[in-house]
Amino acid sequence: MANQIGVIIPAAGSGTRLGGVSKPLIEIDGRPAIIRLLALFSGLREVSRICVAVPKGNIQQYSDVIMTEFPDNVDIVEGGTERPYSVRNAYHFLSSRISEDDLVCIHDAARPLLAKGDLERVINEAWRSGAAFLASRLKDTLKVADDDNFCVSTIDRSRVFGAQTPQVMKSAFLKRAYFEIENLSGLTDEIMLMERIGVKARIVESQHPNFKVTTADDLQLLKKLIS
């Protein structure tokens, strides 16, 4: 069987900065944000399974939304107390359904603007390099502050990127990382996990808007871009 891709969508965040609203369930142009992403991933021939990690108390709510449109290739699992534990829970479920040579693609549910072209580019690079992720070059001048918020230095931004998702790597790498590293607290993405085990991930620059919806202002911008 040809190599396949398993997709993990962590969607277990509390949405505190949006007033406790579940961001993946917010309707954008008449569709829940999570459905937009599931349609995108399901449209890729290589994707065999998609696993969505959701809050413990919202499993039925997500199931009602998702399973009406994607009853065959999407699984819903209970998320963890923090994002990295949600991804690990989903991977443990997914790993029995893919091989170690397959890819795992992790994408935040709070980034519903992901473009198909960017997704395909980062996946193609992961097949070549073993691990890759989408990122954007930082345009602002970067300053370092002391404890009193006085500027003490400037960082050379020419080699600095803002990491995004998708983050894609061989299943074998994730399996090894979770075997070697038990405490995942403080890990803000899976590329940090790869760094811990010495795996280098290739950066793929995003060519389309792919920001994370965190605040009410982000949500309004998202709606304007999609409408």
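Each reported figure results from applying straightforward, stated rules to the coordinates on display, with no laboratory input. Nothing here was measured: the structure is a model prediction, and the numbers come from that model. So basically every Cβ, Gly included, is an ideal-geometry build from the backbone, and we count neighbours across all protein chains shown.
Taking 22 Å as the limit for the C-alpha separation, the pairs K170/K200; K116/K224; K116/K143; K116/K200; K139/K200; K175/K200 exceed it in the case of K116/K143; K116/K200; K139/K200. For the chain, with a Gaussian network of springs between Cα atoms less than 10 Å apart, report the residue from L138, L38, L187 with the top mean-square fluctuation. Most flexible of the set in this elastic network: L138. Shown here for the stretch 57-161: GluC sites (Glu not before Pro) in loop regions (DSSP other than H, G, I, E, B) with at most 12 other Cβ atoms within 10 Å, namely E100.
Between R83, R176, R159, the GNM of the chain built on Cα springs shorter than 10 angstrom shows R159 fluctuating the most. Specify which labelled value, from (i) 13.7; (ii) 14.4; (iii) 12.8, agrees with mean projected area of the Cα convex hull in nm² derived from the coordinates of the model shown. The calculated read-out lines up with (i). Cβ-to-Cβ counts within 10 Å put F150, F133, F70 in ascending order as F150, F70, F133, the fewest first.
Our Cα-only numbers for the stretch 73-122 put the radius of gyration and Dmax at 12.4, 32 Å. In debye to the nearest 20, how big a dipole does the stretch 5-226 give about its Cα centre with +1 on each Lys and Arg Cβ and -1 on each Asp and Glu Cβ? In debye, rounded to 20, the stretch 5-226 gives about 400. Within the stretch 158-227, the GluC sites (Glu not before Pro) that combine a DSSP coil assignment with at most 14 other C-beta atoms in a 10 angstrom radius are E182. Of the residues T165, C51, A216, the one whose Cα sits farthest toward the positive end of the charge dipole of the chain, with +1 on the Cβ of Lys and Arg and -1 on the Cβ of Asp and Glu, is T165.
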